[in-house]
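Worksheet for the structure shown next.
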Amino acid sequence: GNVGAGMHEGQDVGEIKMPTPDMQNLQALQDIVTNATNSSRDRIVDGVMSDGYLQRLFEIFSDCEDLEMNNSLHCLFRIFKGLIMFNEPALIEFCLSDEHVLSTMGILEYDPDYASHE
């Protein structure tokens, strides 16, 4: 088989479309990040590093916290954990910058497998 080619029938990674950073799209974004392949990773990184995308996710995080929307918080956890696992220096630097480190750490506290917020 042609394993490792990373191409699935009818699913051109070149056309990966980042969902708008909105609360209702968190699940879709989580799916994209958690199912990332080597070829889609860079596009995802470019997508989230583009114009205010992560900034918007941090804003959504604070709304979700205010509204105690645990499912959304768990989505954000998986998104950010996935992004950090990409090990992309510019992205990690952004998340750990003075401006964002508290939000990043806040998001990473919502580990669904470690429900300490109940």
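Brief remarks on what is shown
- Enumeration of residues in the range 1-22 that are open to solvent by 60 Å² or more (accessible area, probe 1.4 Å) and modelled with pLDDT of 90 or more: T20
- Per-region count, the range 91-118, residues among the small types (G, A, S) and either open to solvent by 90 Å² or more (accessible area, probe 1.4 Å) or more than 21 Å from T34 (Cβ to Cβ) (or both): 2
- Which numbered condition K81 misses (of (1) crowded, with 17+ Cβ neighbours inside 10 Å; (2) basic (K, R); (3) at pLDDT 95 or above): (1)
- The set of residues in the range 60-73 being open to solvent by 20 Å² or more (accessible area, probe 1.4 Å) and closer than 16 Å to M105 by Cβ consists of S62, E65.
The values are calculated or read from the model by the stated rules, or taken from the named source; none is laboratory data. Note that the structure is predicted; figures quoted are calculated from it, not measured. Note that we place each Cβ from the backbone using ideal geometry, even for glycine, and neighbour counts take in every protein chain shown. Surface areas here come from the heavy atoms of the whole protein model, side chains and all, with no ligands, DNA or RNA. Shrake-Rupley method; radii C 1.70, N 1.55, O 1.52, S 1.80 Å.
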